[in-house]
Amino acid sequence: MKFRDLRFPAGFLWGSAAAAHQTEGGNHNNWSEWEKIPGKIKDGTNADIACDHYNRYEEDFDLAQELGHQVHRFSVEWSRIEPSPGKWDEQEIEHYRRVIKALIKRDIQPMITLHHFTNPVWFSEKGSWLNPDAADLFAPFCRRIADEFSDYGIIWNTINEPMVVVTIGYLWGDFPPGLHDFGSAIKAAKHLLMAHGQAASQIRDVYESKGLEQPKIAPVLSTSYIMPENPNNSNDIELAEYIDNLYNHLWIKSAISGRILEPMGEGDIYPTLENSVDFIGVNYYSRMVVSSERDFMAGELGPKDPCRVRCQGLEWEFYPDGYYHQIMDYWKKYRKHIFLTENGIGTSDDRIRQRYIMSHLQKVHQAIQDGAKVDGYLVWSLTDNFEWAQGFSSHFGIIECDFETMKRTPRESAFMLREIIQENGLTKEAQEKYLD
């Protein structure tokens, strides 16, 4: 294969992403309760300590700075800030203020996610995302966080991967609350959409009341390239198109249009959705193959290609072509700037991670060349972490974490990414080295 230098636009931002429950340790929320149920976490572990990032964030950010990162995405844990309804933990607010200041001190742009899968126990006891008042219960937390941190130049993410919460938690049952019900899944999707609107509205109100310039706000989508198992079967093609719309587009189309679209609603305007999407956060890992002969609603997907490398534990296929397709699809449909908020692979072989990052960035460059407005790329993840239902069995970090000693060791992929950041692109020599 012949390579050439691939340069990214001036001002393109590079960095990494993480989530509170997966890294911090010491959280008490619906996931910490879920982890106590035998069989829910595949390796039998829990996130009681995780990476101890809560105490070691300065060490982790020193490494991020060394590696040239320009932006870091992290979540603020709702259950820490509001441990009971309307009761605020000032010490935890100050903790996150120190986290933000630690990033700024190192010239790393903070990107805050307000909801990354976890809920306070009290919120779950009130019915979680099936409660028709869920968005209103979420709103005060959003307002408080916006009020506390509005002076720090934050890029805001509202809800992380709403359709993952919906699909895996309410349809397939592998995440809390462990349901298998399409009606409940659609109801949860609606309420998460309303929560996004409330979050954006609260942020807007706070900045306006303080006379501050409005920040950039976005939801973060999990996207998969949906493919028919048999491309010559009209039923498979029809199902792939249906799932693509349901999983990849229904929610964001509603957020941008300001209307709760069918089947979540009847197209009625939800006022707080107006002006709620400045850009689209896109998380991509792999494709999803569907068949009319299999029950997608029960989690039955097509067989994996035995010739393709797969993600450790999660079995996601290494499929960079889907990245290009999804970026272009979002750009053409919505004409909103895109920020690539997660991309990576769980593996114990860092050579695979190197090839994964490099080959996916080739597709990002191709999409930019073809007109997509892409503002940045974040690798998932900065360090190895607690990978939800997989526990510690899948290693996504460009920095290895020894979970016994908590020692951090950058992998070769971390230095490869540093070279990419320094060049703001993929040099011919780097592609030859890592894709040979």
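The values are calculated or read from the model by the stated rules, or taken from the named source; none is laboratory data. Predicted model, so just to flag it, every value in this text is computed and none were measured. Positions of Cβ are backbone-derived with ideal geometry, glycine not excepted, and every protein chain shown enters the neighbour counts.
Residues in the stretch 29-46: is at least one outside any loop (DSSP other than H, G, I, E, B) and in contact with a strand residue (DSSP E or B) (Cβ under 8 Å, 6 or more places away or on another chain)? Spell out how you get there, then give the answer.
Of the stretch 29-46, the ones outside any loop (DSSP other than H, G, I, E, B) are 30-34.
With in contact with a strand residue (DSSP E or B) (Cβ under 8 Å, 6 or more places away or on another chain) added as a condition, the list becomes none.
Checked against the condition, which is being outside any loop (DSSP other than H, G, I, E, B) and in contact with a strand residue (DSSP E or B) (Cβ under 8 Å, 6 or more places away or on another chain), the stretch 29-46 yields no hits at all.
Against the numbered list (1) under 24 Å from GLU266 (Cα atoms); (2) polar (S, T, N, Q); (3) surrounded by 20 or more Cβ atoms within 10 Å (Cβ to Cβ); (4) touching a His at 6+ places or on another chain (Cβ under 9 Å), THR167 comes up short only at (4).
Do the conditions hold for ARG56, that is, is it in a helix (DSSP H, G or I), at pLDDT 95 or above, of a type outside the set (S, T, N, Q) and buried (at least 17 other Cβ atoms within 10 Å of the Cβ)? Yes.
Just one of the listed residues (HIS365, HIS360) is in contact with a Pro (Cβ under 7 Å, 6 or more places away or on another chain) and part of a helix (DSSP H, G or I), namely HIS360.
Rundown of residues vs (1) at negative phi; (2) assigned to a helix (DSSP H, G or I); (3) at pLDDT 95 or above, yes/no style:
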| residue | (1), (2), (3) |
| --- | --- |
| ILE237 | yes, yes, yes |
| HIS249 | yes, yes, yes |
| VAL277 | yes, no, yes |
| LYS304 | yes, no, no |
| TYR330 | yes, yes, yes |
| LYS333 | yes, yes, yes |
| ILE352 | yes, yes, yes |
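Taken together, LYS428, LYS433 contain a single residue that is surrounded by fewer than 16 Cβ atoms within 10 Å (Cβ to Cβ), farther than 27 Å from ALA20 by Cβ and free of Cβ contacts under 8 Å to residues at least 12 places away in the same chain, which is LYS433.
Applying the selection to the stretch 5-28, what residues are among the polar types (S, T, N, Q) and not in a helix (DSSP H, G or I)?
First, the residues of the stretch 5-28 that are among the polar types (S, T, N, Q): 16, 22-23, 27.
Scanning the stretch 5-28 gives SER16, ASN27.
Taking the stretch 112-138 as the range and being farther than 15 Å from LEU193 by Cβ and under 19 Å from the mean Cα position of the chain (by Cα) as the test, the residues that pass are ILE112, THR113, HIS116, PHE117, THR118, ASN119.
Hey, among the residues in the stretch 100-109 that are in a helix (DSSP H, G or I) and over 15 Å from LEU63 (Cβ atoms), which one's nearest to the chain's Cα centre (by Cα)?
Within the stretch 100-109, the first condition is being in a helix (DSSP H, G or I), and the residues that meet it are 100-105.
Restricting the remaining residues to those that are over 15 Å from LEU63 (Cβ atoms) gives 100-101, 104.
Working: ILE100: 19, LYS101: 23, ILE104: 22 Å.
Here the answer is ILE100.
Among the residues of the stretch 394-409, those that are in a strand (DSSP E or B), touching a Lys or Arg at 6+ places or on another chain (Cβ under 9 Å) and not hydrophobic (A, V, I, L, M, F, W, C) comprise GLU400, ARG408. Among the residues of the stretch 283-299, is any outside any loop (DSSP other than H, G, I, E, B), over 23 Å from PRO231 (Cβ atoms) and modelled with pLDDT of 95 or more? Within the stretch 283-299, one or more residues are outside any loop (DSSP other than H, G, I, E, B), over 23 Å from PRO231 (Cβ atoms) and modelled with pLDDT of 95 or more. Set side by side, the residues GLU148, GLU161 differ, and just one is touching a strand residue (DSSP E or B) at 6+ places or on another chain (Cβ under 8 Å) and acidic (Asp, Glu), which is GLU161. In the stretch 139-148, of all residues being of a type outside the set (Gly, Ala, Ser) and under 21 Å from the mean Cα position of the chain (by Cα), the one that is nearest to MET111 (Cα to Cα) corresponds to ILE145. Contact map, the stretch 395-409: residues that are within 11 Å of ILE49 (Cβ to Cβ) paired with residues that are outside any strand (DSSP E or B) and among the basic types (Lys, Arg), Cβ distance under 7 Å, separation 6+ or inter-chain. Pairs shown: MET406/ARG56.
A quick yes/no check of all residues on (1) in contact with a Ser or Thr (Cβ under 9 Å, 6 or more places away or on another chain); (2) buried (at least 20 other Cβ atoms within 10 Å of the Cβ); (3) among the aromatic types (Phe, Trp, Tyr):
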position: ARG204; (1), (2), (3): yes, no, no
position: LYS210; (1), (2), (3): yes, no, no
position: VAL220; (1), (2), (3): yes, yes, no
position: PRO231; (1), (2), (3): no, no, no
position: TYR242; (1), (2), (3): no, no, yes
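When the residues of the stretch 280-338 are filtered to those that are of a type outside the set (A, V, I, L, M), within 25 Å of ILE159 (Cα to Cα) and over 21 Å from the mean Cα position of the chain (by Cα), the one that is surrounded by the fewest Cβ atoms within 10 Å (Cβ to Cβ) is LYS332.
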